[in-house]
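The values are calculated or read from the model by the stated rules, or taken from the named source; none is laboratory data. Source: prediction; values computed, not measured. Here the Cβ positions follow ideal geometry from the backbone for every residue, glycine too, while neighbour counts run over all protein chains shown. For accessibility, only protein heavy atoms count, side chains too; no ligands or nucleic acids. Shrake-Rupley method; radii C 1.70, N 1.55, O 1.52, S 1.80 Å.
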Amino acid sequence: MIKIAKFIIPRVLVLAITLIAANFIYTKFFFEKDLQMHADMINLTRGKDSARVIYMGESSNFTSHSDDKDPRSISGMLCDYFPGLNIQDISHGALHAYNYYIFLKTIQNNSKLETIIITLNLRSFDANWRYSDLETFLQKQMVMIDPTYPPLFRRFLLGFKGYDNKTVKERERQFLHEWETTVLKVPFPLQYNTVRKWDKGIATNGYIDVSGNRNEDSTILACHYVKTYAFQIDTNKNPRIKDFDNIVKLAKQRGWHVIFNLMAENTQKADKLVGKELVYLIKQNRDLLVSRYSKMGAIVVDNLECVNDSNYIDQNWTTEHYKETGRKTIAKNLSEALKTIYPQYYKSIVADNK
Amino acid sequence: MLFNTLHFLIFFVVVFVLFFTLPHKFRWVMLLAASCYFYMAFIPIYILILAFTIVVDYFAGIMIEKSHDKRKRWFLIASLVANIGILAFFKYYNFLNNNLSLLLGKFGYPDPIPALEIILPIGLSFHTFQAMSYTIEVYRGKQKAERHFGIYALYVMFYPQLVAGPIERPQNLLHQFHNKHSFSIQNLSDGLRLIIYGLFLKMVIADNVSPYVNSMYANPQNYSSTDIITALCFYSIQIYCDFCGYSLIAIGSAKSMGFNLMNNFHTPYFSRTVSEFWKRWHISLSTWFKDYLYIPLGGNRVALPRWMFNIFIVFAISGLWHGASWNFVIWGVLWGLLNVGEVLYNKLFSRPEEKGDFKIWHSIHAAKMFIIATFLWVFFRSENMEKVKLLAKSIKHNFSLNNSLNVPHLVWALLIVFLVFEIMFYNHRFDKWCEKRDPIIKWSVYIILISSIIMFAGIEDIPFIYFQF
């Protein structure tokens, strides 16, 4: 035993010293270059130290329509209500709660941040998004940005694929499996109890329009609505729940206020294309999230049904891309919530929500 | 499961710890289960193909041993047909189909057999060759048939060499599963050394030059001749580091548990002759072809023309083994022609093989061999012959010294480090080289290797090149 210890201890010591020195060298000479090369999203978080409010979102924040008179983002419009308050945003397409959590971890303790507004996108809980092929790209970025570990260890994880690294095919297999096997449980009779069956049912029967004919485009869209919204959030298994929970915990530790901005979904179209059953599932998930995070002390701004079908930019797909009116409505709803924290900064403006 | 992942590092540690904590009689079960898990991490369903060949070869081995003369031969044929049949179906079916369609299409039969969507099971060429070597050796009476089904299955499935070799012989490996292995610091050190150097070759060298090779091969017409030649040299380095790196990690993983696998590479780019190159490159495959094809054909103990034919046919088949495509066949044929040419040249001028250490003259010959190998890798790397032609055209028409590959200084520096190491380790496997060195030198090398792996490993998801075979 002593022989083994004599053999191992000096080697472990040399290795430890090597790693400490390597971490120093790496941090000093290579880390920033690697960040810019493999994790340029880090730049989204930089220069935010002076912000008192940070709005975190995905494409719903900044996507505008070509006809919009005011193409500004939701966070930009929100600033109108609080002229004296430093509100900044961290936005990038396809971001979700895990990314927000990692970004929040990078915020220095001495920053002026007081309030975080987090986009709560219902779709980010569905299988299609969770197993999206973009995930590997995002995970790669996050592994380098996550400040939990020293830079050298982050680089090690990046090199050794120490993140959720799956091929497009593997991810496809994952969401197909979930659609096939997850049974939807509702307190009323449901013709199809899995996404797979529901999708197949609609594809077979087709969407019948007012003229009584099968409309192929609407059938495809209806199938897509089912694949996007026909799910029930499992609070034990859905990783987004863990991510949002972590955000709330982190905010508590750092003394930040949390406002969850539950985004509007096109429930009118869901109802028209698929029916009440799908809207029931959407609202059930909304209720769960509102109740869960309100109980945890966060303010949840429920925008779910506040944008009319006509104010969605993408009429042939499921997105949270709103026209100017939609964005203004959401900004207004958010301002009401933010007013409870910063009443002194609030300035009432007449919203042009036509 | 890829060797260059955190998943594998954890797997390796768990298997290693379990191996030495379990009593000897249970170790094979654990190793077999671990190997199944390792293989199923790729595409789980394909384990059934492995299971099928294992069952066939296990019983074939026993029946061959029990039988005599004709019956014995029939059992061998049955085993070979099963193995080659599976290989032919999964690897060569569509190749055959494409060529038949092309040929018979001219006579009005464009689709003589239906095209199938087949995914090649990972490592198929490797484990079928290993399985075949077992039944052939039993047939030859050089190996006793294995009665323990689990041990035989482990011989085919032993995780370190399951998907890309080294292609083992039963005489070397089977008995090792019966032997009791005690924990040994020496084995662990040797194993770790090999793993570290293997990871360095794969992750630091191969994966860092690969993006430049890929971008050049994607659009050769956009690059200058200087860029193309640089990328071609990079590919020579990439394929060596990729495959040798894999082999070293495989050998090291087995070594740490006390299993000795055969060497697969021996600084091949320092070879002076074509024949020497093939004694140093993918040794387990070269010797397989030598033992089971070249020598049965008569080897060099036949008349000169037949000898030349034997060499040529072995290389042509070796080319086809690598991939179901004509460019692999052409690659093999060209190596075959070079070998034949060299043998004839040596016959005519009776030039003795040079021996000795690394000297200037040796360097010149090594450079010559590197250029030859680099030229031939073009056929290996190109997806089809059109790409080969495009490359040749681009070199000719885009003649300039412009450098648009933009290879960073860091990559050049790493390549220099690699070259220095290869010269240092010439004629020695890394673990053996370390044994003879002063601790300061040895540890300096370890520190460079470990730091480079952590700091400079390529980050793209680049699978091992030989996995596709």
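Expressed in whole Å with the largest first, what are the equivalent ellipsoid semi-axes of segment B:244-396 derived from the C-alpha gyration tensor as the square root of 5 times each eigenvalue? It would help to have the intermediate numbers written out before the result.
Working: eigenvalues 114, 98, 76 Å².
For segment B:244-396, the ellipsoid semi-axes come out as 24, 22, 19 Å.
All distinct Cα pairs of segment B:266-335 go into the 1/r average, and the inverse of that average, the Kirkwood radius, is 12.5 Å.
Bridgeable aspartates and glutamates around B:K202 (alpha carbons under 13 Å apart, same-chain partners fewer than 8 residues away excluded): B:D242, B:E460, B:D461. Straight-line cross-link reach from A:K185 at under 27 Å between alpha-carbon atoms covers these lysines, not counting any fewer than eight positions away in the same chain: A:K197, A:K200, A:K227, A:K237, A:K242, A:K269, A:K272, A:K276, A:K283, A:K295.
Based on the alpha-carbon gyration tensor of chain B and its eigenvalue square roots a ≥ b ≥ c, which shape applies: rounded if a/c is under 1.5, prolate if not and a/b is larger than b/c, or oblate? Mind dumping the intermediate values first?
Details: a/c = 1.43, a/b = 1.10, b/c = 1.30.
Rounded, because the longest to shortest axis ratio a/c is under 1.5.
Burial annotation for segment B:450-467: residues with an accessible-area loss of at least 10 Å² between the isolated chain and the complete set of protein chains, computed on heavy atoms with a 1.4 Å probe, are B:I450, B:S451, B:I453, B:I454, B:M455, B:F456, B:A457, B:G458, B:I459, B:E460, B:D461.
Accessible surface comparison of A:R130, B:R301, probe 1.4 Å, protein chains only, largest first: the order is B:R301, A:R130.
Rg and Dmax of segment B:6-182, based on Cα coordinates, read 18.9, 67 Å.
Summarise the accessible area of segment B:6-182 (1.4 Å probe, protein heavy atoms) by the percent that is carbon and sulfur.
Values: 5960 of 8470 Å².
Percent of accessible area from carbon and sulfur atoms in segment B:6-182: 70.
Taking segment B:6-182 as the region of interest, the number of lysine pairs whose Cα atoms are within less than 21 Å, with members eight or more places apart or on different chains, is 9. Summing charges over all other residues whose Cβ lies under 13 Å from the Cβ of B:L261, with Lys and Arg as +1 and Asp and Glu as -1, gives 0. The Rg/Rh ratio for the protein assembly as shown, using Cα coordinates for both the radius of gyration and the Kirkwood hydrodynamic radius, is 1.02. Averaging the Cα positions of each part gives two centres, and for segment A:269-332 and segment B:291-350 these lie 70 Å apart. Between segment A:37-54 and segment A:213-231, the C-alpha centres lie 38 angstrom from each other. In this Cβ point-charge picture (+1 for Lys and Arg, -1 for Asp and Glu), chain A has a dipole of about 1540 debye about its Cα centre. Please report the carbon-and-sulfur percent of the accessible area for segment A:156-219; probe 1.4 Å, protein heavy atoms only, DNA, RNA and ligands left out. So the carbon and sulfur contribution to the accessible surface is 53 percent. Derived scalar couplings between HN and Hα for segment B:56-65 equal 4, 6, 4, 5, 4, x, 5, 5, 4, 5 Hz in order, rounded to whole Hz, by the Karplus curve 6.51 cos²θ - 1.76 cosθ + 1.60 (θ = phi - 60°), x for Gly and Pro.
Report the B-A buried area as the accessible area lost on both sides summed, probe 1.4 Å, in Å² to the nearest 100. Show your work: numbers first, answer last.
Details: alone 21530 and 17750 Å², together 37100 Å².
It comes to approximately 2200 Å² buried between B and A.
Buried on complex formation within segment A:1-39 (loss of at least 50 square angstrom of accessible surface versus the isolated chain, 1.4 Å probe, ligands and nucleic acids ignored): A:F7, A:T18, A:F30. Taking a straight line from the alpha carbon of A:K105, these aspartates and glutamates sit under 15 Å away, with near neighbours fewer than eight places off in the same chain left out: A:D49, A:E114, A:D146, A:D243, A:D245. Using a probe of 1.4 Å, the accessible surface attributed to A:T204 totals some 100 Å² when neighbouring protein chains are kept in position. Toward the positive end of the charge dipole of chain A, with +1 on the Cβ of Lys and Arg and -1 on the Cβ of Asp and Glu, the farthest Cα among A:V274, A:F175, A:A222 is that of A:F175.
In the context of the full set of protein chains, segment B:6-182 has a per residue accessible area of 48 Å² (1.4 Å probe). For chain A, the gyration tensor built on C-alpha atoms gives an oblate shape. Its axis ratio a/c (a ≥ b ≥ c) is at least 1.5, and a/b is not larger than b/c.
Suppose accessible area is computed on protein heavy atoms with a 1.4 Å probe; arrange B:S125, B:S363 from highest to lowest.
Values: B:S125 0, B:S363 45 Å².
Largest accessible area first, the residues go B:S363, B:S125.
Within segment A:114-147, the residues that become at least 20 Å² less accessible when every protein chain is included than when their own chain is isolated (1.4 Å probe; DNA, RNA and ligands ignored) are A:K140.
The residue list A:A331, B:V378, A:Y207 was ranked by how far each Cα lies along the charge dipole of the protein assembly as shown toward its positive end, using unit charges on Cβ atoms, and B:V378 comes out on top.
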